[in-house]
Amino acid sequence: MSDLGPPIPPDRQLDAAEIRRLLDRLSSHLREAGSAGHHLMVVGGAALALMWEDRTTHDIDVLADRSRAQRHPVPAGRRTPAVDLISMRFTPEIARAARLVAEAEGLPRNWLNGAVAIFAPAGDLQPQILHRSDCLTVEAPSPAVLLAMKLHAARGQDLADAARLAREAGFSDPDEMLALVADAYGADAATAHTSDFIESALALAFPQHRAPDA
């Protein structure tokens with residue numbers, strides 16, 4: 001598979017082109033295994049990189065493996081130490097293909113990272129297709145849902161993304177953004193810290209909007 005490019009150093013940031021190449025390589029392994037019809041829902045930096053083209057990330061966060069084979073997950077009793085941790089969240093076919101890509105590319109074994117699944121928001125994810133290969137379709141939630149996830153995380157590193165998503169999703173009212181978080185994660189998630197983060201994001205997105213005093 002030399003046409004797929006040279007191995008990526010494990011500490012390298014992945015841009016949109018490299019993410020697509022890795023996903024195509026994942027699809028190639030699935031095709032070689034005779035396994036088709038796979039669907040992954042990506043979020044975080046990978047989703048934003050594919051949406052915006054100018055964003056990078058160190059891994060691909062997967063919110064859900066929506067592959068048809070997910071109806072038949074690997075039973076706990078059949079898991080062994082030789083089974084990669086990603087197989088705990090991914091279908092066996094995706095897990096095996098991801099391991100093969102990691103080995104060939106020199107990537108960490110969790111380059112396809114399912115840990116973010118614990119932060120899945122409630123409601124309709126309003127999926128948008130970001131990439132399609134022979135055996136794999138990759139979707140992401142809508143900008144509004146991705147915004148809710150960033151607002152819920154409310155980390156300093158999320159501020160620029162939240163501001164850009166707010167502009168893209170058409171949000172400029174702090175109360176509406178707070179309600180977005182409450183709808184996705186429950187009323188208890190709409191905290192004072194969330195409100196302050198929203199104000200900071202709006203100040204960055206719309207300079208005329210005054211941020212809260214430090």
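The values are calculated or read from the model by the stated rules, or taken from the named source; none is laboratory data. Everything quoted here is computed from the prediction, not taken from an experiment. Counting neighbours? That spans all protein chains shown, and the Cβs are built from the backbone with ideal geometry, glycine included. Surface accessibility is based on the protein's heavy atoms, side chains included, excluding ligands, DNA and RNA. Shrake-Rupley method; radii C 1.70, N 1.55, O 1.52, S 1.80 Å.
General observations
- Summed over the stretch 101-121, residues that are surrounded by fewer than 17 Cβ atoms within 10 Å (Cβ to Cβ) and either part of a helix (DSSP H, G or I) or modelled with pLDDT of 95 or more (or both) total 6.
- The number of residues in the stretch 159-177 that are in contact (Cβ under 8 Å) with a residue 24 or more places away in the chain, assigned to a helix (DSSP H, G or I) and out of contact with any Pro (no Cβ under 6 Å at 6 or more places or on another chain) comes to 10.
- Which numbered condition I129 fails, given (1) touching a strand residue (DSSP E or B) at 6+ places or on another chain (Cβ under 8 Å); (2) assigned to a helix (DSSP H, G or I); (3) surrounded by fewer than 19 Cβ atoms within 10 Å (Cβ to Cβ): (2)
- Looking across the stretch 48-65, the residues that are assigned to a helix (DSSP H, G or I) and within 19 Å of A115 (Cβ to Cβ) come down to L48, A49.
- In the stretch 53-64, the residues that are over 11 Å from W111 (Cα atoms) and open to solvent by 20 Å² or more (accessible area, probe 1.4 Å): E53, D54, R55, T56, A64
- Residues that are under 14 Å from I198 (Cα atoms) and either β-branched (V, I, T) or in contact with a Ser or Thr (Cβ under 8 Å, 6 or more places away or on another chain) (or both) within the stretch 123-168 comprise L151, H152, A154, L159, A166, listed in sequence order.
- Within the stretch 132-158, being more than 15 Å from D65 (Cα to Cα), open to solvent by 30 Å² or more (accessible area, probe 1.4 Å) and free of Cβ contacts under 8 Å to residues at least 60 places away in the same chain holds for H152, A153, R155, G156, Q157.
- The stretch 67-100 - residue that is out of contact with any Ser or Thr (no Cβ under 9 Å at 6 or more places or on another chain), closer than 20 Å to V42 by Cβ and assigned to a loop (DSSP other than H, G, I, E, B) and, of those, modelled with the highest pLDDT: R89
- Residue satisfying all of: in the stretch 5-52; at pLDDT below 95 and among the charged types (D, E, K, R); surrounded by the most Cβ atoms within 10 Å (Cβ to Cβ) among these: R12
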